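Report on the structure given below.
The values are calculated or read from the model by the stated rules, or taken from the named source; none is laboratory data. Quick caveat, the model's predicted, so the values are computed rather than measured. Counting neighbours? That spans all protein chains shown, and the Cβs are built from the backbone with ideal geometry, glycine included. Accessible surface areas use protein heavy atoms only, side chains included; no ligands, DNA or RNA. Shrake-Rupley method; radii C 1.70, N 1.55, O 1.52, S 1.80 Å.
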Amino acid sequence: GFMRVAYDDTLRARLQRELPKLTIIDRYNLIDDAWNEVVAGRLAAADFITFAEGFAADRELAVWQAIVVGLKGVSRLVEGEAEVALQHRIASLVGPVITDVGWNPVAGEGDLRAKLRGLLLGTLAVLGNDPDAQARCRTILAPDTDPRLVDAELVASATSAIAAVGTD
């Protein structure tokens, strides 16, 4: 059957310590369930962010897709100083991950790695409001850049990011 799991703080913390031992689907489900607890009003958005920060060592696309869904949702809940604080937390979470994954494709890497890079770039540029990531997006889309020489995932991500944060 289809079910959601609501973990108490103690069990969630214990599971978080065991993340490296859990399968990808288990890690995905932990994040997905936590975000849905926020949606249901059973978990504070700030607690979700703290929980998501515990996944900083994860490099799986599916897990990061679930994290980004939650980050997008939380970003819709805040404005003003709280939004700026959230952007800093998101940048602090995502920045080191994209640095580790690499800002540029590597010959022979898999499609999931390329998709992860694109997801991270867009997240850092938009939700993290990171000027360096935004500048990279502008470089990827620069008129003098041959799009055939840039990874398609980066072009797609850069297009979305610049549309979200760009000016006229």
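Here's the yes/no breakdown for (1) open to solvent by less than 70 Å² (accessible area, probe 1.4 Å); (2) part of a loop (DSSP other than H, G, I, E, B):
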residue: W103; (1), (2): yes, yes
residue: A107; (1), (2): no, yes
residue: L116; (1), (2): yes, no
residue: L120; (1), (2): yes, no
residue: T123; (1), (2): yes, no
residue: A142; (1), (2): yes, yes
residue: T145; (1), (2): yes, yes
residue: R148; (1), (2): no, no
- Query: In the stretch 34-67, which residue that is of a type in the set (D, E, K, R), assigned to a helix (DSSP H, G or I) and over 30 Å from E109 (Cβ atoms) is most open to solvent (accessible area, probe 1.4 Å)?
  - Reply: D47
- Note on the structure: Filtering the stretch 125-140 for residues that are outside any loop (DSSP other than H, G, I, E, B) and either among the hydrophobic types (A, V, I, L, M, F, W, C) or in contact (Cβ under 8 Å) with a residue 12 or more places away in the chain (or both) leaves a count of 9
- Task: Go through (1) at positive phi; (2) within 15 Å of the chain's Cα centre (by Cα) and name the single condition G80 misses.
- Result: (2)
- Residue pairs meeting the criteria (Cβ under 9 Å; at least 6 apart or on separate chains; first of a type in the set (K, R), in the stretch 41-55; second outside any helix (DSSP H, G or I) and surrounded by fewer than 20 Cβ atoms within 10 Å (Cβ to Cβ)): R42/A6
